[in-house]
Each structure stands twice: as C-alpha cells, then as structure tokens.
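The structure under discussion appears below in the form of structure tokens.
The values are calculated or read from the model by the stated rules, or taken from the named source; none is laboratory data. Just so we're clear, the structure is a prediction, and the values are computed from it rather than from any experiment. Here the Cβ positions follow ideal geometry from the backbone for every residue, glycine too, while neighbour counts run over all protein chains shown.
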Amino acid sequence: MVESGIMRIEVDLNQCRRMNISGVVFVLGLAKSKSEARRLIEQGGIRIEGEKVEKDEPILLSEFVGKVFQKGRRAFVRLAPLPEDIVIFEEVLD
C-alpha cells in the first residue's frame, strides 16, 4: 500500500456521528450503492486498517477517523475530519 495512492475523504463529524459500515463504504465511494456495500462486506471484500470486516454493523465515525478503508486489492480511502479551522454555519429561515 502506497501512502500517496490513498484518496482522502473529509467528513463533517457533526453531521454524521453513527452509521452502518455499509453506509460509510457507500459514502466513501467504494460502492455504488448501500446494497452493493453490504454484498462486498458479506463476501469479505472490505477491510479497515487491513482487517476484514465480518458484518455490517453500526459504528461511531469518530472512532474511525484516520483509518484506511480498503475495497479489494487496489481501492484505498482514508477517513479524515474536516480541518478544525473551518466553521460550519447553518442558516435558520423563519
């Protein structure tokens, strides 16, 4: 695994705190749909930090920041938080 060949995906942890692993795989672009992500997990095609994912279960995204998600032999994505100096504003319309 070559570090420079890993795609970095930034995630706002305030917006999504808990997701199934299949949802994370889908959001990271490693699968075209959540059902494809579930199939990949069932067939042993998804790894997190080199360890095979055995089942699709809910995870806290904050525990997986900085970890590398892998699909097959060649697709790697690192989950990274948004830079701390970015402030996200929400506009409330009355």
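Structure above, values below:
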item	result
Lone unmet requirement of (1) within 17 Å of Arg8 (Cα to Cα); (2) in contact with a helix residue (DSSP H, G or I) (Cβ under 9 Å, 6 or more places away or on another chain) for Gly29	(2)
Pair list, Cβ under 6 Å, 6 or more apart: region 47-70 residue more than 17 Å from Met19 (Cβ to Cβ), other residue exposed (fewer than 10 other Cβ atoms within 10 Å of the Cβ) and of a type in the set (Gly, Ala, Ser)	none
Region 42-54, residues that are in a strand (DSSP E or B) and either crowded, with 17+ Cβ neighbours inside 10 Å or modelled with pLDDT under 90 (or both)	Ile46, Ile48
Residue under evaluation Ser62, criteria (1) over 21 Å from Pro83 (Cβ atoms); (2) among the polar types (S, T, N, Q); (3) exposed (fewer than 13 other Cβ atoms within 10 Å of the Cβ), criterion not met	(1)
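Rundown of residues vs (1) at pLDDT below 90; (2) assigned to a loop (DSSP other than H, G, I, E, B); (3) surrounded by fewer than 17 Cβ atoms within 10 Å (Cβ to Cβ); (4) hydroxyl-bearing (Ser, Thr, Tyr), yes/no style:
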| position | (1), (2), (3), (4) |
| --- | --- |
| Glu10 | yes, no, yes, no |
| Gln15 | yes, yes, yes, no |
| Ser22 | no, no, no, yes |
| Phe26 | no, no, no, no |
| Glu36 | no, no, yes, no |
| Asp56 | no, yes, no, no |
| Gly66 | yes, yes, yes, no |
| Val87 | yes, yes, yes, no |
| Asp94 | yes, yes, yes, no |
